[in-house]
1. I need the shape label for region 129-194. Rule: rounded when a/c is under 1.5, else prolate if a/b > b/c, else oblate, with a, b, c from the alpha carbon gyration tensor.
2. Set Lys and Arg Cβ to +1 and Asp and Glu Cβ to -1, take the dipole of the chain about its Cα centre, and tell me which of Thr7, Gly282, Gly151 lies farthest positive.
3. Of the options Leu239, Phe185, Thr226, report the single residue whose Cα projects farthest towards the positive end of the charge dipole of region 181-317 (beta-carbon charges: Lys, Arg +1; Asp, Glu -1).
4. Give me the distance between the Cα centres of region 151-194 and region 43-90, rounded to whole Å.
5. For the cross-link pairs Lys87/Lys146; Lys109/Lys171; Lys15/Lys171; Lys97/Lys170; Lys37/Lys146; Lys78/Lys285, which exceed 27 Å when the distance is taken from alpha carbon to alpha carbon?
6. Using a 1.4 Å probe over the heavy atoms of the protein chains, calculate the carbon and sulfur portion of the accessible area of the chain as a whole percent.
7. Among rounded, prolate and oblate, which fits the chain when a ≥ b ≥ c are the square roots of the eigenvalues of its C-alpha gyration tensor, a/c under 1.5 means rounded, and a/b larger than b/c means prolate?
8. Within region 157-199, list the trypsin sites (Lys or Arg not before Pro) lying in a DSSP loop whose Cβ has at most 13 other Cβ atoms in a 10 Å radius.
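The values are calculated or read from the model by the stated rules, or taken from the named source; none is laboratory data. Quick caveat: nothing in here was measured; it's all calculated off a predicted structure. FYI the Cβ positions are ideal-geometry reconstructions off the backbone, even for glycines, and counts take in every protein chain you see. Surface accessibility is based on the protein's heavy atoms, side chains included, excluding ligands, DNA and RNA. Shrake-Rupley method; radii C 1.70, N 1.55, O 1.52, S 1.80 Å.
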Amino acid sequence: MSNVEFTTIGTTDIKVSQICLGTWAIGGWMWGGADDKNAVRTIHAALDQGVNFLDTAPVYGFGHSEEVVGQAIEEYGKRSEIVLATKVALEWSDEGKVVRNSSKERIEKELDDSLRRLRTDYIDLYQVHWPDPLVPFEETATALEKLLNAGKVRSIGVSNYDPQQMTEFKKYCPLHAVQSPYNLFERAIDTDVLPYAQENDLSILAYGAICRGLLSGAMSQEREFTGDDLRKHDPKFKLPRFRQYLDAVDALNTLAKENYDKDVLALAIRWVIDRGCVALWGARKPEQLAHLESAFGWSISTDDMQAIDDILKTSVTDPIGPEFMAPPSRS
């Protein structure tokens, strides 16, 4: 596929596609179970279409997502052409209780575990998953800088950090990227993280670019979420608010079709790219990536950016952010 757009991670020379395959759902945990064969096929489908950037984390399925990503990359080959991002600093109990831990010891242990599961000897982008209020940033950043200097990681990122936290972190270690929730419906970073990242030459990885599937265009009010699916607890997916978001999706889909001959999914991904970010596109079936190329090779006009905002103001009268996803700190 020739029309994939690329950028680089921060001030590094690491070249990445503007779409990154997100693999949280591939781990199964909080998404109603895993299907490894399909997951491997999905990763291969993304790579075949020119996406060279994969994002995972140890906590996704408690190691399972990383293992599947590792298997998929080993089977695919071309490791040097793939940019592999993972995370660190969440730990979990046998019962599946997740807490933040960015201590030096935790980072050293997690890196070795991640390298083993991913079947590689280096990670291209290593990100602190959530800030840990119980560990000084100096300790976390110094531990990561050591890994950078040893060549075990090629670049460093943080996730869910605010500008003040990033400023403190950067005193002790180079910082190349920040990963934050960002999509048409969830825009809190517009006022702080986005301008900060642009001023400080940090790449922004926008997670939840299709808002847990809401912006895929494939959802209906009748959709039921079962098992441990996190959308059972997501306020966006509860009526009457769910209906407001679905109405917005319908109107956005009409705008995309009439003005660009695209669907709402392409519009949602393009919106994130046009805002200067890398869009994380979560998928676990190859067919979910069937329209991947439709996000490239065009951009949204200024007038339509305004029209999108007007649609949201009219349809979503009771908006809410992604706050429900934040894991607790250790007591």
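1. Numbers: a/c = 2.48, a/b = 1.74, b/c = 1.42.
Here region 129-194 falls in the prolate category.
2. Ranked along the dipole, the leading option is Gly151.
3. Thr226
4. 21 Å
5. On the way: Lys87/Lys146 16 Å; Lys109/Lys171 24 Å; Lys15/Lys171 25 Å; Lys97/Lys170 30 Å; Lys37/Lys146 36 Å; Lys78/Lys285 22 Å.
Those over the limit are Lys97/Lys170; Lys37/Lys146.
6. On the way: 6620 of 13890 Å².
Roughly 48 percent, rounded to a whole number.
7. Working: a/c = 1.42, a/b = 1.39, b/c = 1.02.
Rounded shape, in that the Cα axes give a/c under 1.5.
8. On the way: sites: Lys170, Lys171, Arg187; in loops: Lys171, Arg187.
Sites meeting the loop and neighbour criteria: Lys171.
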